[in-house]
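The values are calculated or read from the model by the stated rules, or taken from the named source; none is laboratory data. Since the model is a prediction, treat every value here as computed from it, not as a measurement. Quick reminder, even Gly has a Cβ in these numbers, built from the backbone with ideal geometry, and neighbours come from all protein chains shown.
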4 protein chains.
Amino acid sequence: MTSGIYYSDYLQLDKITGAQELESEKHGHPAHDEMLFIITHQAYELWFKQILFELQSILDVFGDPILEDKKMGQVIHRLARIKSIQYVLIQQIDIIETMTPLDFMEFRDYLVPASGFQSVQFKQIEILLGIKRDYRINADKEFFHSRLSSADLQFLNELERKPSLLELTDRWLERMPFLEFHEFEFWKEYDLAVNKMLDSDTQIIKSNPTLTDREKQFQLNDLLMTRTRFESLLDRTKFEELRKAGEFRLSHGGFLSALFINLFRDEPMLYSPFRYLTLLLDIDELFTNWRQRHAMMVQRMLGTKIGTGGSSGHDYLSATTQQNRVFLDLFKLSTFLIPRADLPELPDELRRSLGFFFHGKKP
Amino acid sequence: MTSGIYYSDYLQLDKITGAQELESEKHGHPAHDEMLFIITHQAYELWFKQILFELQSILDVFGDPILEDKKMGQVIHRLARIKSIQYVLIQQIDIIETMTPLDFMEFRDYLVPASGFQSVQFKQIEILLGIKRDYRINADKEFFHSRLSSADLQFLNELERKPSLLELTDRWLERMPFLEFHEFEFWKEYDLAVNKMLDSDTQIIKSNPTLTDREKQFQLNDLLMTRTRFESLLDRTKFEELRKAGEFRLSHGGFLSALFINLFRDEPMLYSPFRYLTLLLDIDELFTNWRQRHAMMVQRMLGTKIGTGGSSGHDYLSATTQQNRVFLDLFKLSTFLIPRADLPELPDELRRSLGFFFHGKKP
Amino acid sequence: MTSGIYYSDYLQLDKITGAQELESEKHGHPAHDEMLFIITHQAYELWFKQILFELQSILDVFGDPILEDKKMGQVIHRLARIKSIQYVLIQQIDIIETMTPLDFMEFRDYLVPASGFQSVQFKQIEILLGIKRDYRINADKEFFHSRLSSADLQFLNELERKPSLLELTDRWLERMPFLEFHEFEFWKEYDLAVNKMLDSDTQIIKSNPTLTDREKQFQLNDLLMTRTRFESLLDRTKFEELRKAGEFRLSHGGFLSALFINLFRDEPMLYSPFRYLTLLLDIDELFTNWRQRHAMMVQRMLGTKIGTGGSSGHDYLSATTQQNRVFLDLFKLSTFLIPRADLPELPDELRRSLGFFFHGKKP
Amino acid sequence: MTSGIYYSDYLQLDKITGAQELESEKHGHPAHDEMLFIITHQAYELWFKQILFELQSILDVFGDPILEDKKMGQVIHRLARIKSIQYVLIQQIDIIETMTPLDFMEFRDYLVPASGFQSVQFKQIEILLGIKRDYRINADKEFFHSRLSSADLQFLNELERKPSLLELTDRWLERMPFLEFHEFEFWKEYDLAVNKMLDSDTQIIKSNPTLTDREKQFQLNDLLMTRTRFESLLDRTKFEELRKAGEFRLSHGGFLSALFINLFRDEPMLYSPFRYLTLLLDIDELFTNWRQRHAMMVQRMLGTKIGTGGSSGHDYLSATTQQNRVFLDLFKLSTFLIPRADLPELPDELRRSLGFFFHGKKP
């Protein structure tokens, strides 16, 4: 037990609240709003550190080939924590938007060429989640070389060699036990159910009285594409081709497991895996929200001007918003769902192994 | 398959957007802000309907003596949905607060004696959760008789006879299987661990150099009370006495089960029960937030004036905020936790029955 | 004074909470989540009604050639109210996202071809703000003809003939008194200041040691475009050409006034106009946020499937998010700001006419 | 123009993200959630610094006997910024609530006797706003002596000697020009209007068919108290007596000015003062929300245990929530409003001096 620990020492507040030096002041033209600019960015970096701390602990769990069952609840808890931090990251944009473009102009030039792009922690989060070099937009790839210090660049390069959460999740999904089990039969029956559903959708479009012929044709083509996609879903070779083309990031086995979990999420044993996948999807959505809000804020602040780091601001951010979707595959699962009523029956043995009881009987 | 269903017919928008009649207009003094007043209350009532719909489906599950394991995921999902609605209920207060007190005065008198107190759906939510007559403040009890139509009163009275979510949750907790199992031994060892912890706390206070003697005495008394409470926790007779005095609403067995679930929440089998209890606690907290925001809004609107229903407004609302805490017991659980390191070991057999596996081995 | 008004009668709750009929139930397959789907949409429609009510009152004020000064505070207050409603519209997406894709599938087919696109009130809001036919994406134009009832179509067509808030705001900006005043001189001096600033920016880029030659070229080109845009800003003919090409929606005079207000917003007399313009910009931003969240939610729900109304869902919504920016001009103002220090001095006479006093002297 | 400024240097990230040392680690029992505990508190302190920075700039403006009109817009803007920060402070509670009581227990004892109470910056905010020693609850007064280092204590004591925002606002209100102007006449007519309104309220209560006799009596007594309060409002001596008794913090003249601004807020010249007062009220409300959320979070974490600083946690925080309301007077204004229709006419000369024009005529 320590004696006499004091609040400001414990939190090292001398560092935290002593780390704000205004460039505008150094240049003899103190700009009131630069303080807000600094503190907002520092608050972001604090939260990035926390996200990284949680993320690393999750990667440690998933990096272990034997995933201890007790750990899954913890992982889920920590992902939910990351979500709660993301809500604050988004809310903080409302604060920065109280800075008007005219106020920003008073110190903006002093910051050139520093840029939010240079946030190593944010890049680190992206890489740990799964946004590695190959997935980045070209501007981003270039910036890695031209804007980062060589130490930062090297640090991030090494990070890219480690497996990301996307990769570890894929491996975990691939080795799911219930898919080896009677696998062939299940997906064969699923195929039948899918075809039944698509035939029905075709009828819906054809008999829709409010559509023009041109619209019907458009939609039937769309449906044809869906049918083709389903074929790729159930054919490993075709799936892996699409994957190479950038359509999917998960492996064929991983994607099918994720789909299975979504279809049978009410089975108690799949409850945690379903919640895990849903949280990954939520986190992807919240980062996208944040990027969208960020891009809009920059448009508000700069109009069509270039950013302090020399990027074209709003356009660059909009592009990364589209591209940097780590878990987009989980959104795409919806394409391949079929209604519960059409789902093939699970074999009894498998169903039993998915269930457990907490309702008044001894287990 | 239906043909030709139209958006506005499906949603019955003629009713929804045709149900706003301004009393101020009828009286020849149209007040612009009365529209906001009506629509905000109607939006609340829509969401109350949705909350009731979810709540009823949850009560149906818990009312069944055999709680099907597949249903637990659904219950949790729907409680989380209620939370998401509560966030909107709270957010809506920001809207109503754009009405200034002066604007409210322009139509307030026309509404007398109507009052938000008369929201039958809200009373219904309270009753289904577990705020029955006996737990209400006196003003509330009186209002039931004087402010509600006899039809509404009778409806609510009948509702009170049915078991509430609090009661059904208590019964479910009481029949938890893992507590019958070796029960006596576990709580005996827990008692030992508690005493060890309290002895340590006593030392912490005594050796705290920053406390005055008076403060130390105050805190040691506080600790003595805690020790007494722990004794009541582990003694059914004492616990039930406190319960009669209003200190607890859960039964002794129910409270111990809830505590056990919180202590061993990392065991996979307790994951869902833990999440269920946490959601009840969240919902209680969010309703309390909403009541607090509501009370503040009324203070802002009326100062110290009486409300349209004749209640003393802010004071009445503040009182119900304190009193109407359905799941306060779940907050009180924290009083009785001990650090993980001090927890007694669970017997192997019990531990095994709490675990299941989803990590690459066949179960 | 009325006697005996009752809460549920006043709010016509029989209509409000009696307007939920599940299509899935009619078809004999009741789907629990359809209730949520209906109620969420109804809550949206209630709030759309409130937004329209506020918007119409604002249009009435701006439609009057003499804008009474007392009314400006009211207009600002009501725009702020619309913002507070928009926050709830966005928050409500969290509720609808508690519906999983699989749950949606249970009743989705029963709703075909109804679609959120058919919300007449939302189209009305768009039109009143200023998104008229010409500005819509092609899919949207087509949908007007194929998806709306002829009564709804006619109603919206008539609405398009009335001046929108964008148009009325433009007229109000054009007749701003302080721009006629010494106008020529001010913009001439502004031109000089601009050129000084752009010359400085050129130096910044050229001397930035972290940029590659290619990047420098890219940014210098960007700057050249900015210079061209500034030339268009100060040349009515060029500006109107760009406007015809869709670059701007405000007239030359309106745009310059808006810029002037942003530059001299600290002058007390420009305080209200500045706040008015900022609120329009906020509202545009919040609708865009809402559209982005909406598009994401649809992606989550449908993947790449078509929507119930036959639209391609996520893609359609993403397209309208880009296109339906009513007050994008106000974001573009930032492009044309120059630092306060470089601003030309206002003539004394003009400055005096912009000021008033509330600081302890008799006015 | 600087060359080569780097993001991480500019933000001094070595300090910001290098200031987290876990006490639990030092004691050999690393507790994962202590990181969250530290970072959350550090984020709070960053934002406190920003609030203080804005607050100080506002105090500088109001401390000047001549309040430059250009400054008022700036003050309002910065108060709105403080509000946007407060929303983040509140949102951050959702993050800390992802720490469960059991997780907190793993490191809680290592922190004794440090306590959030020792946040000097937060105390500073309270004092600058107007919560000085005399207004604090007794526990708070004691804590100042026993828990703060002597340097911190001295710093805060000196701060108390300077005028707070409450005091400066009161002085500014007192010297409002339009109240000297015909003051006597206005409040005399107001008195008449008030009596008319109260007579009408008496009738409303007496003729309310839904009230029992007992309730009527209760409400008539309440009305009598209101009448007495109105008498105090218009009688300087009585008002100052109530002020001494703690009922009001503003002076008689200040309170009347605030009331006048609320009554005639639509007059353009009162628009900024009205917005200023509303923002003070909002800020008071948001700090109260934050305290309430904080108190609830502590209840959740500790149940009825004592806090690390030796305070009784939830009870202490609830008490300060009630007591530390700086601008409660502004809420109380609503008590003294009368409907617009009953308001006495303003003399033409005064009305003219309150108006200005921005609607198409030359000023």
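Scan segment A:197-244 for residues that are within 16 Å of A:F336 (Cα to Cα) and outside any helix (DSSP H, G or I) and the total you get is 2. Annotation note: of D:Y87, D:Y44, the sole residue that is under 30 Å from B:S207 (Cβ atoms) and among the hydroxyl-bearing types (S, T, Y) is D:Y44. Number of residues in segment B:99-116 that are aromatic (F, W, Y) and within 8 Å of chain C (Cβ to nearest Cβ): the value is 1. Only residues that are part of a helix (DSSP H, G or I) and facing another protein chain (nearest Cβ under 7 Å) were counted across segment B:24-46, and they come to 9. Identify, please: which residue in segment A:319-342 is aromatic (F, W, Y) and not in a loop (DSSP other than H, G, I, E, B) and is, among those, surrounded by the most Cβ atoms within 10 Å (Cβ to Cβ)? Per the criteria, the residue is A:F336. A Cβ distance below 6 Å, combined with a sequence gap of six or more or placement on separate chains, defines the contacts here; from segment A:52-72, residues that are over 17 Å from D:I39 (Cβ atoms) reach residues that are modelled with pLDDT under 85 in the pairs A:I66/B:H359; A:L67/B:H359; A:D69/B:P268; A:D69/B:G355; A:D69/B:F357.
Suppose we keep only residues that are at the interface with chain C (Cβ under 9 Å from one of its Cβ atoms) and hydrophobic (A, V, I, L, M, F, W, C) within segment D:257-294. Which one would you say is nearest to D:H77 (Cα to Cα)? Looking at the filtered set, the residue picked out is D:F274.
Of C:L280, C:L250, all but one fail to be assigned to a helix (DSSP H, G or I) and not small (G, A, S); the exception is C:L280.
Among residues of segment B:281-302 that are over 25 Å from D:L302 (Cα atoms), those with a beta-carbon under 6 Å from a residue that is assigned to a helix (DSSP H, G or I) and among the hydrophobic types (A, V, I, L, M, F, W, C) at least six positions away or on a different chain give the pairs B:H294/B:L317; B:A295/B:L317; B:M297/B:I93; B:V298/B:L317; B:Q299/D:F331; B:R300/D:F331; B:M301/B:F104.
From the residues in segment B:150-191 that are aliphatic (A, V, I, L, M) and modelled with pLDDT of 90 or more, which one is surrounded by the most Cβ atoms within 10 Å (Cβ to Cβ)?
Only one residue tops the list, namely B:L173.
Only a single criterion out of (1) at pLDDT below 95; (2) under 24 Å from the mean Cα position of the chain (by Cα); (3) not basic (K, R) is not satisfied by B:T2, namely (2). Return yes when B:Q50 is farther than 20 Å from B:N157 by Cβ, surrounded by 19 or more Cβ atoms within 10 Å (Cβ to Cβ) and within 7 Å of another protein chain (Cβ to nearest Cβ) and no when it is not. Yes: the conditions hold for B:Q50. Among the residues making up segment D:144-174, none is more than 23 Å from the chain's Cα centre (by Cα) and within 21 Å of D:G253 (Cα to Cα). Just one of the listed residues (A:F48, A:F62, A:F53) is of a type in the set (F, W, Y) and over 17 Å from D:I95 (Cβ atoms), namely A:F62. Test A:L280 against the stated conditions and say whether it is closer than 20 Å to C:F104 by Cα, out of contact with any Pro (no Cβ under 6 Å at 6 or more places or on another chain) and not aromatic (F, W, Y). Criteria not met by A:L280.
When the residues of segment C:54-69 are filtered to those that are surrounded by fewer than 17 Cβ atoms within 10 Å (Cβ to Cβ) and more than 18 Å from C:R175 (Cα to Cα), the one that is farthest from the other protein chains (Cβ to nearest Cβ) is C:Q56. Does segment D:14-33 include one or more residues that are over 20 Å from the mean Cα position of the chain (by Cα), of a type in the set (V, I, T) and crowded, with 18+ Cβ neighbours inside 10 Å? Within segment D:14-33 (the criterion being over 20 Å from the mean Cα position of the chain (by Cα), of a type in the set (V, I, T) and crowded, with 18+ Cβ neighbours inside 10 Å), the answer is yes, since at least one residue qualifies. Taking residues in segment B:129-148 that are of a type in the set (S, T, N, Q), and partners anywhere that are surrounded by fewer than 15 Cβ atoms within 10 Å (Cβ to Cβ), the pairs with Cβ atoms closer than 8 Å and at least 6 places apart or on different chains are B:S146/D:T212. Consider C:I96 carefully, then state whether it is more than 8 Å from chain B (Cβ to nearest Cβ), of a type in the set (V, I, T) and more than 24 Å from B:T17 (Cα to Cα). When the stated conditions are applied, C:I96 does not pass them.
In this structure, does B:A80 turn out to be under 17 Å from the mean Cα position of the chain (by Cα), within 7 Å of chain C (Cβ to nearest Cβ) and among the small types (G, A, S)? Yes; evaluated as a whole, the condition is true for this residue.
Looking only at residues in segment A:200-244 that are within 11 Å of chain C (Cβ to nearest Cβ) and of a type in the set (K, R), the one that is farthest from A:A258 (Cα to Cα) is A:R214.
Scan segment D:281-298 and give yes if some residue there is closer than 23 Å to D:F62 by Cβ, at pLDDT 90 or above, over 16 Å from the mean Cα position of the chain (by Cα) and not hydrophobic (A, V, I, L, M, F, W, C), otherwise no. Within segment D:281-298, not a single residue is closer than 23 Å to D:F62 by Cβ, at pLDDT 90 or above, over 16 Å from the mean Cα position of the chain (by Cα) and not hydrophobic (A, V, I, L, M, F, W, C). A Cβ distance below 6 Å, combined with a sequence gap of six or more or placement on separate chains, defines the contacts here; from segment A:216-240, residues that are farther than 30 Å from C:P113 by Cα and modelled with pLDDT of 90 or more reach residues that are of a type in the set (S, T, Y) and assigned to a helix (DSSP H, G or I) in the pairs A:K238/A:S232; A:F239/A:S232.
Of everything listed in (1) surrounded by fewer than 19 Cβ atoms within 10 Å (Cβ to Cβ); (2) under 27 Å from the mean Cα position of the chain (by Cα), the single unmet condition for A:K196 is (2).
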